[in-house]
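First up is the structure itself, then whatever we jot down about it.
The values are calculated or read from the model by the stated rules, or taken from the named source; none is laboratory data. Since the structure is predicted, the reported quantities are computational estimates derived from the model, not experimental observations. For neighbour counting, all protein chains shown are included, and Cβ atoms are generated from backbone atoms with ideal geometry for every residue, glycine included.
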Amino acid sequence: MNEKGFKTEMHLHTAGGSRCARVEPEEIVRIYGECGYDALTVTNHWNRKIAFDYFSGSKSEKTEKYLAGYRAVKELAKDMRVFFGMELALGNDYYSPTNFRACELLIYGIVPEEFYDCAFDLIEFDYAALKKFASERGWLIYQAHPYRERSKRVKSAYLDGMEVYNNNPRHFNRNASAKARAEKYSLLEVGGSDFHQPEDVGAGVVFDAEIFNERELVRALKNGAYKIINEKS
């Protein structure tokens, strides 16, 4: 933990884990180490297309391949904590060239063992069922980049929070609109780099205290003992 707090990336994708990501785990660890991060939250994409088309093999094999990116970062990051998370799209709500009603959800508090048991159920839930399922397990659901081009907004009743700062430079994220919506509906707020390429790093959350696991991450987010950082402004 550095003198300014526990600096944490909340939105990160690995090559191989997310088909749109371009950076291997070894390089991710080097980049974030040089940027002074204390922790990384790996949130690779999980949706119907990835589950059934991107990864090959049985359901168990597909799940293992999805988890491989997180596990590689965790193994390599000797000087940083690594938390498991995910960027989930339900049903047909994932981004594609023809989908103009996309929606992605950042899930915090889930651990790999839980994901392994419910991976293929998650993508078939509707929003109400996901919220009930997540709440029973102590997870938090944030809508990722809710005002990005082609995004639809989820009802606040199905969310715990909203990503109010997204640092991805290849999209028009309209972060100010996301923050205004979060404030209007009294949702928790989070920010992240949405890391896919080396130039993306530069955002996240600085917690007041050190965090050791996914459950503590949830408690800290609920308590509001953090600030969102944007190091590129």
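When Cys20 is tested against (1) surrounded by fewer than 17 Cβ atoms within 10 Å (Cβ to Cβ); (2) modelled with pLDDT of 95 or more; (3) assigned to a loop (DSSP other than H, G, I, E, B), only condition (2) is not met.
Of all residues in the stretch 23-50, those satisfying the criterion of being within 27 Å of Asp93 (Cα to Cα) and crowded, with 19+ Cβ neighbours inside 10 Å are Val23, Leu40, Thr41, Val42, Thr43, Asn44, His45, Trp46, Asn47, Ile50.
Evaluation of Lys78 against the conditions (1) touching a strand residue (DSSP E or B) at 6+ places or on another chain (Cβ under 9 Å); (2) among the charged types (D, E, K, R); (3) over 20 Å from Ser193 (Cβ atoms) shows that the sole unmet condition is (1). Can you tell me which residue within the stretch 72-92, out of those that are outside any loop (DSSP other than H, G, I, E, B), touching an Asp or Glu at 6+ places or on another chain (Cβ under 9 Å) and of a type in the set (D, E, K, R), is farthest from Arg137 (Cα to Cα)? Looking at residues that are outside any loop (DSSP other than H, G, I, E, B), touching an Asp or Glu at 6+ places or on another chain (Cβ under 9 Å) and of a type in the set (D, E, K, R), I get Arg81. The requirement of being surrounded by fewer than 17 Cβ atoms within 10 Å (Cβ to Cβ) and modelled with pLDDT of 95 or more is not satisfied by Ser193. Residues in the stretch 195-230 that are out of contact with any Ser or Thr (no Cβ under 9 Å at 6 or more places or on another chain) and in a loop (DSSP other than H, G, I, E, B): Gln197, Asp208, Ala209, Glu210, Phe212, Asn213, Gly224, Ala225.
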